[in-house]
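Chemist: Sharing a structure here in structure tokens format.
The values are calculated or read from the model by the stated rules, or taken from the named source; none is laboratory data. Computed from a predicted structure; not experimentally measured. All Cβ positions, even for glycine, are placed from backbone atoms using ideal geometry, and neighbour counts span all protein chains on display. Only protein heavy atoms, including side chains, enter the accessible area calculation; ligands, DNA and RNA are left aside. Shrake-Rupley method; radii C 1.70, N 1.55, O 1.52, S 1.80 Å.
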Amino acid sequence: METFPEAAAESHAGANPTPGIIEQDQARTAAPPHASGAGVALVAGAGGVIGRHAADEYARRGWKVRGASRRPVPGADWEHLSVDLLDAGKAREGLAPASDTTHLVFGAYIERPTSAELSEVNTALLRNTLDGLHAAGAPLRHVTLYQGGKAYGAHLGYFNAPAKERDPRLIQPNFYYDQEDLLREVAAERGFALTVLRPEGVIGYATGNPMNLLMAIAVYASISKELGQPLRFPGTVAAYDALYQVTDAELLARAAVWAGSEPAAAGEIYNITNGDQFRWRQLWPAFAKYFGMEYAEPQPVPLTDAMPQYRDLWEQMTVRYGLEQIPYGDLVRWEFADFIFRSEFDNVSSTIKARQAGFADCLDSEDRFLELFDRLAQQRIIPGPAAPLHQ
């Protein structure tokens, strides 16, 4: 399972910060824009973790950027188009202003309960976006499409690891396959290039996007601390010891820009992760130290059942710590966290193909989690490590 693809500063108060973490993060963020070959980018699904970071990265590099989503995107430094991409007529009308689009980054997604419904609705989103741009006369040159671990069967309980892009498709129906087939067919007809990126467990923050592993951990830890409890891994012992991997949303955004400008990436599929793997056993003690909490051994707890009861507590914490007024239901989707923390198999995909093609960005995932916790605290999304430990 992944954080949407189907779908996201810095002082470690209360703990000793890892030397260089903050400086590395600032260096990445402050890197000078590279506008060589700049065009006009449209990001579909710009309100999600993946889409928001892709739009911001293109804008940072000097591109003209538009983001399409049904809801406004707070704080965006690019033009927002309010578009219902599920309705073909509304998509055509709403995308008319994007008639100069050269690069489409497709990150729109709608959840449905069955494989057939997932395919029907998400293939329609892509088709309507492509047709809307075509009707507008957009000189489209490249489309980036996101997939994820479901392409390898991660949602079915096990897949061959490390997963490679050349692995055969599964017999199980999969909307990723249907979207990719549609995109390749339309690209051949209309003469644009495409690249498919497969991240896993995307971590980052975007307002109102609860399918986000980073936020699940941050909110769970913050509430546990407020209750005076130690931090416990809430999944199974087998999942605690299994290998896992994540993809930083900013790294994925850089991969999208690279894919859209690298001729060798045309027509290819690439796994994109931070480049390392870890066991939750290694990370959760570090999380506890960051938040200034005691750590205890894992205790399987279905977060879907346990966490909704703390809505009122979170509202109290929002006032007590001066946090942003974000509805509790928009912070975390606990079902997603439960799935990840009960995945008892090694989830590893090879990133060798992307490295050999020229995209070699990598991050230490433990360091990156701590950096992003800092950023959430600075943005007043969570209380952060400076919050007192309640007894």
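Chemist: Have a look at the chain and give its Rg and Dmax from the Cα atoms, expressed in angstrom.
Modeler: That works out to 20.4, 65 Å for Rg and Dmax.
Chemist: Could you work out the local net charge near ILE352, counting Lys and Arg as +1, Asp and Glu as -1, over the other residues with Cβ closer than 10 Å to its Cβ?
Modeler: +2
Chemist: Moving to a separate point now. Starting with the highest mean, order 84-97, 328-341 by the number of other Cβ atoms within 10 Å, averaged over the residues of each peptide.
Modeler: Highest to lowest by the protection proxy: 328-341, 84-97.
Chemist: Could you give the accessible area per residue of region 51-122, probe 1.4 Å, as a whole number in Å²?
Modeler: Computed with neighbouring chains in place, this is 46 Å² per residue.
Chemist: OK, next. Out of LEU313, GLY39, TYR240, whose Cα points farthest toward the positive end of the dipole of the chain (charges: +1 Lys, Arg; -1 Asp, Glu; placed on Cβ)?
Modeler: GLY39
Chemist: Follow-up question, since we're still on this one. Report the FRET efficiency, 1/(1 + (r/R0)^6), for ALA266 and THR236, where r is their Cβ-Cβ distance and R0 is 41 Å, rounded to 0.05.
Modeler: 0.45
Chemist: What's the magnitude of the charge dipole for region 219-277 around its Cα centre, counting Lys and Arg as +1 and Asp and Glu as -1 at the beta-carbon? Answer in Debye, nearest 20.
Modeler: That gives a dipole near 240 debye.
Chemist: Need the C-alpha centroid separation for region 148-184 versus region 262-282, integer Å.
Modeler: Each part's Cα centre sits 15 Å from the other's.
Chemist: If you don't mind, there's one more thing I want to ask. Across the chain, how many lysine pairs, 8 or more apart or on two chains, come within less than 27 Å at their alpha-carbon atoms?
Modeler: Taking the chain as the scope, the lysine pair count is 5.
Chemist: Right, here's the next one. Using a basic spin-label model with each label point 7 Å from the Cα along Cα→Cβ, how many nm lie between GLU294 and LEU227?
Modeler: Label at GLU294, label at LEU227, 1.5 nm between them.
Chemist: May I ask you to give the percent of accessible area on the chain that is carbon plus sulfur, with a probe radius of 1.4 Å?
Modeler: Answer for the chain: carbon and sulfur cover 50 percent of the accessible area.
Chemist: Right, another one. How many angstrom lie between the C-alpha centres of region 37-58 and region 302-363?
Modeler: Centre-to-centre distance over Cα atoms comes out at 21 Å.
Chemist: Per-residue accessible area for THR236 at 1.4 Å probe radius, Å² rounded to 10?
Modeler: 30
Chemist: Another question, then. Using the alpha carbon gyration tensor of region 131-265, what are the three equivalent-ellipsoid semi-axes (square root of 5 times each eigenvalue), largest first, in whole Å?
Modeler: 35, 20, 13
Chemist: With all protein chains present, calculate the accessible area of HIS80 using a 1.4 Å probe and round the result to the nearest 10 Å².
Modeler: 60
Chemist: Let me ask something else. Taking the Cβ of ARG127 as the centre, find all other residues whose Cβ is under 11 Å away and add up their charges (Lys, Arg: +1; Asp, Glu: -1).
Modeler: -4
Chemist: With each pseudo-label sitting 7 Å past Cα toward Cβ, what's the CYS362-ASP312 distance in nm, one decimal?
Modeler: With each label point 7 Å from Cα toward Cβ, the separation is 5.0 nm.
Chemist: Then there is this: For the chain, give the magnitude of the charge dipole about the Cα centre (Cβ charges: +1 Lys/Arg, -1 Asp/Glu; no others), in debye to the nearest 20.
Modeler: So the magnitude is around 400 debye.
Chemist: Summing Lys, Arg as +1 and Asp, Glu as -1, what charge do residues with Cβ under 14 Å from the Cβ of GLY67 carry, GLY67 excluded?
Modeler: Net of charged neighbours comes to +2.
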